[in-house]
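*Asks:* Here it is: the structure, laid out below.
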Amino acid sequence: MVAHVTTVSFQGVDAVPVDVQVQLTGGQPMFTIVGLPDKTVGESRERIRAALHASGLALPARRITVNLAPADLPKEGSHYDLPIALGILAAIGALPGDQLGDYIALGELALDGTIAEVAGVLPAAIGANAMGRGLICPSGCGSEAAWASPEIAIVAGRSLIQLANHFKGTQVISRPEPKIRESFGTLPDLKDVKGQETAKRALEIAAAGGHNLLMVGPPGSGKSMLASRLPSILPPLSPRELLEVSMIASIAGQLADGRLSDRRPFREPHDSASMAALVGGGLKARPGEISLAHNGVLFLDELPEFNPQVLDSLRQPLESGAVVIARANHRVTYPARIQLVAAMNPCRCGMAGTPGHTCRRGRACAEDYQGRLSGPFLDRIDIRVEVGAVTASDLILPPPAEGSAEVAKRVLNARRRQEKRFSALGLDGVSTNAQVGAALLEEIAKPDQSGARLLADAAQAMRLSARGYHRVLKVARTLADLDDEDRIGRIHLAEALSYRLSGEMRSLAS
Ligand SMILES: Nc1ncnc2c1ncn2[C@@H]1O[C@H](COP(=O)(O)OP(=O)(O)O)[C@@H](O)[C@H]1O
Ligand SMILES: [Mg+2]
């Protein structure tokens with residue numbers, strides 16, 4: 001007889017069902033697992049042996065064959081322990097096999113028979129719910145699973161024995177409740193930033209339209225300070241976005257205590273980050289920083305210090321909103337729709353362009369440094385702004401009257417206008433101006449007559465490329481949205497054109 005338990009294999013954030021088949025036959029006692037298991041799955045045998053022993057149930061002294069079907073789908077991770085153990089228990093009659101058929105199971109076993117937390121419980125629960133089944137998972141992940149649906153049956157057990165008792169009906173495990181992480185502490189506020197009105201305005205526009213932003217300025221001018229205040233003016237996550245963000249966090253094993261957070265992600269990888277850390281992949285398929293920042297912000301501070309190859313690998317996901325990672329025999333896709341915010345000094349010594357300063361290495365200082373960034377990468381940044389040095393007279397100013405709360409209100413209003421526009425056009429995947437393609441852009445961002453004239457003149461004088469032209473239109477569309485205007489006027493285009501760099505940073509401005 002063959003016992004069946006269903007579990008899942010993760011392909012990106014999708015949970016693909018895997019049938020765990022357990023067969024006991026006569027002959028030499030043996031325990032084999034087949035069906036493309038990786039090393040962790042292979043080691044399951046030892047954990048299962050010990051866990052069953054600790055639970056007072058020895059591994060049957062027969063030939064045990066476990067097949068993970070479909071056989072050609074690679075199986076990674078430690079969550080196969082529990083379904084295999086449940087299959088063995090069903091095969092020896094210690095558990096009712098027919099009841100297990102209503103569930104999907106995943107979990108790791110400790111040697112003492114307890115069930116340890118695993119990554120990916122939320123996507124597994126969503127997958128189980130879509131199949132009309134319940135979920136058997138570690139007790140520590142129960143509240144995470146409960147988010148999948150209010151109806152889904154969840155058995156979140158602490159140990160194998162507890163699960164066995166539950167299914168025998170002697171001690172029923174109650175259904176866990178979904179939990180949300182309290183947004184602890186307040187976010188840093190824009191009120192702390194004195195002066196820098198242009199940069200603050202650029203930050204507001206970037207937040208309103210979801211635009212990628214580059215800030216260039218000398219050290220200590222407040223670039224990092226400004227970027228860290230972006231989360232305080234971004235609109236809250238929609239329920240759908242919250243679930244998307246949490247699925248990725250769950251796959252990456254980053255949902256502490258199974259609680260979901262309603263804050264927009266803000267990821268700040270160090271400039272020494274490797275390709276695998278930033279984009280994803282590596283030995284095990286894992287989402288990288290760019291996916292962990294999905295629906296939120298990826299902040300790259302000291303941009304030219306990043307490995308140029310690593311930066312260029314961000315180009316494709318910035319365009320498509322998803323990362324494709326090629327593995328030995330398959331590919332996985334993770335969502336990665338992000339807003340990129342970057343900060344950099346204008347040159348290696350940091351002071352190029354500051355009045356009264358000449359770099360020791362002359363122009364080469366700035367040229368070499370900025371040369372580390374490729375044109376196509378910079379092409380994906382809609383707004384570039386110079387952040388000048390703060391002067392002592394700025395710092396002794398009283399704090400600005402307007403803080404993050406007021407700015408966030410305007411941003412939210414502009415976002416609402418965009419959502420309304422895109423849903424009226426029947427565009428499901430688009431929610432901000434930054435995501436709009438060239439063809440649609442010409443339709444939704446038609447300048448009025450004098451605006452069109454200004455744009456034509458500027459395009460010629462500044463030798464705007466096609467990409468540069470569309471970038472200006474996109475930003476102008478957001479500026480009009482901030483003003484609650486349907487038409488794009490001259491004033492919006494003039495401001496949009498100003499978010500290109502000047503002087504020393506000319507090479508970045510094209
Ligand atoms: N505009 C400003 N208003 C108030 N404090 C500032 C401002 N700019 C810089 N500072 C102070 O200087 C410190 C360094 O700023 P930082 O954002 O790290 O500069 P950058 O990233 O441009 O090198 C901040 O922590 C803050 O205390
Ligand atoms: Mg800094």
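Here, each number is a calculation from the coordinates, and none is a lab measurement. Please read all numbers here as calculations on a predicted model, not as lab measurements. Cβ placement follows ideal geometry from the backbone for every residue including glycine, while neighbour counts extend to all protein chains displayed.
*Asks:* Determine which residues of the stretch 261-292 fall in the zone a paramagnetic label at GLN309 would reach in this model, i.e. backbone nitrogen under 20 Å from the point 7 Å along Cα→Cβ.
*Replies:* 270-286, 288-290
*Asks:* Which lysines have a Cα less than 24 Å from the Cα of LYS75, not counting those fewer than 8 places away in the same chain?
*Replies:* Leaving aside lysines fewer than 8 places away in the same chain, those within reach of LYS75 are LYS39, LYS284.
*Asks:* Relative contact order of the stretch 2-168, please, whole-number percent, based on alpha carbon pairs below 8 angstrom and at least 6 residues apart.
*Replies:* 23
*Asks:* Can you give the local net charge around GLY142? Use residues other than it whose beta-carbon is closer than 11 angstrom to its beta-carbon, Lys and Arg +1, Asp and Glu -1.
*Replies:* Values: positive: ARG158, ARG175, LYS179; negative: GLU117, GLU144, GLU177, ASP257.
Net charge around GLY142: -1.
*Asks:* Please identify the trypsin sites (Lys or Arg not before Pro) of the stretch 352-416 that satisfy two criteria: DSSP loop assignment and at most 11 other Cβ atoms within 10 Å. Which are they?
*Replies:* ARG360
*Asks:* With no solvent and one point per C-alpha, what does the Debye sum give as log10 I(q)/I(0) for the stretch 125-265 at q = 0.09, 0.10, 0.13 Å⁻¹?
*Replies:* Taking Cα atoms of the stretch 125-265 as identical point scatterers yields -0.44, -0.51, -0.70.
*Asks:* Any idea which of GLY280, VAL34, GLY350 is furthest toward the positive side of the dipole for the chain, if Lys and Arg beta-carbons carry +1 and Asp and Glu beta-carbons -1?
*Replies:* So the residue we want is GLY350.
*Asks:* Using modelled backbone amide H atoms (1.01 Å from N, in-plane), which distant-in-sequence or interchain residues come within less than 5 Å of LEU109's amide H?
*Replies:* Those qualifying (amide H under 5 Å, at least 5 residues apart or on another chain) are ASP81, LEU82, ALA116.
*Asks:* Okay, next question. Distance between the C-alpha centers of the stretch 280-306 and the stretch 124-156? Whole Å please.
*Replies:* 29
*Asks:* On full extension of the chain, what length is gained from ALA466 through LEU36, given 0.36 nm per residue of separation minus the C-alpha to C-alpha distance?
*Replies:* Separation in residues times 0.36 nm, less the Cα-Cα distance, equals 149.9 nm.
*Asks:* Return the long-range amide H neighbours of SER9 (sequence gap of 5 or more, or a different chain), with a cut-off of under 5 Å between placed amide H atoms.
*Replies:* VAL16, VAL18
*Asks:* Could you order peptides 254-265, 117-128 by the average number of other Cβ atoms within 10 Å of their residues, highest first?
*Replies:* So the peptides 254-265, 117-128, ranked by packing, come out 117-128, 254-265.
*Asks:* Measure out, as a whole number of angstrom, how far apart the alpha-carbon centroids of the stretch 225-239 and the stretch 20-60 sit.
*Replies:* 49
*Asks:* Given the options GLY195, LEU303, LEU57, identify the residue whose Cα lies farthest towards the positive end of the charge dipole of the chain (+1 on Cβ of Lys, Arg; -1 on Cβ of Asp, Glu).
*Replies:* Farthest towards the positive end: LEU303.
*Asks:* Two decimals is fine: what's Rg over Rh for the stretch 2-168, C-alpha atoms, Kirkwood radius as Rh?
*Replies:* Value, to two decimals: 0.93.
*Asks:* Counting Lys +1, Arg +1, Asp -1, Glu -1, what net charge surrounds LEU454 among other residues with beta carbon under 13 Å of its beta carbon?
*Replies:* Once positives and negatives cancel, what remains is -1.
*Asks:* Once fully extended, how much extra length lies between ASP14 and MET1, figured as 0.36 nm per residue of separation less the alpha-carbon to alpha-carbon distance?
*Replies:* Here the answer is 1.6 nm.
*Asks:* Along Cα→Cβ, 7 Å out, is where each label goes; now give me the distance between the ones at GLU495 and SER238 in nm to one decimal.
*Replies:* Here the modelled spin labels are 2.5 nm apart.
*Asks:* Compute the signed sum of charges (Lys and Arg +1, Asp and Glu -1) over the other residues within less than 13 Å, Cβ to Cβ, of ALA343.
*Replies:* Around ALA343, the surrounding residues sum to -3.
*Asks:* If one computes the Cα centroid of the stretch 421-480 and of the stretch 173-212, what distance in Å separates the two points?
*Replies:* Computed from Cα coordinates, the inter-centre distance equals 26 Å.
*Asks:* Can you work out the Karplus-derived ³J(HN,Hα) for every residue in the stretch 71-79? Use 6.51 cos²θ - 1.76 cosθ + 1.60 with θ = phi - 60°, whole Hz, and x for glycine or proline.
*Replies:* Values per residue, Gly and Pro as x: 5, 8, 8, x, 10, 10, x, 9, 7 Hz.
*Asks:* Just to be sure I understand the model, the point goes 7 Å from the Cα along the line to the Cβ. What's the resulting ALA401 to SER374 distance in nm?
*Replies:* The answer from the label model is 4.8 nm.
*Asks:* What GluC sites (Glu not before Pro) does the stretch 248-350 have in DSSP loop regions with at most 15 other beta carbons within 10 Å?
*Replies:* Numbers: sites: GLU289, GLU302, GLU305, GLU319; in loops: GLU302.
Passing both the DSSP loop test and the Cβ count: GLU302.
*Asks:* What does the helix-only formula give at 222 nm for the chain: each DSSP H stretch with n ≥ 4 adding -39500 (n - 2.57), the total divided by the residues, and the result rounded to the nearest 500 deg cm²/dmol?
*Replies:* The helix-only estimate for the chain comes to -10000 deg cm²/dmol at 222 nm.
*Asks:* At a 10 angstrom cut-off on C-beta neighbours, averaged per residue, how do the peptides 82-89, 487-494 rank from highest to lowest? Provide the component values of the computation, followed by the final result.
*Replies:* Working: 82-89: 27.4, 487-494: 19.5.
Per-residue mean Cβ counts within 10 Å order the peptides as 82-89, 487-494.
*Asks:* A further question follows. Can you order the peptides 28-39, 11-22 by their average number of other Cβ atoms within 10 Å per residue, highest first?
*Replies:* Per-residue Cβ counts within 10 Å, averaged per peptide and sorted highest first, yield 11-22, 28-39.
*Asks:* Taking amide H positions as placed 1.01 Å from N in the peptide plane, with prolines and chain starts having none, which residues 5 or more places from GLY157, or on another chain, fall under 5 Å of its amide H?
*Replies:* CYS137, SER139
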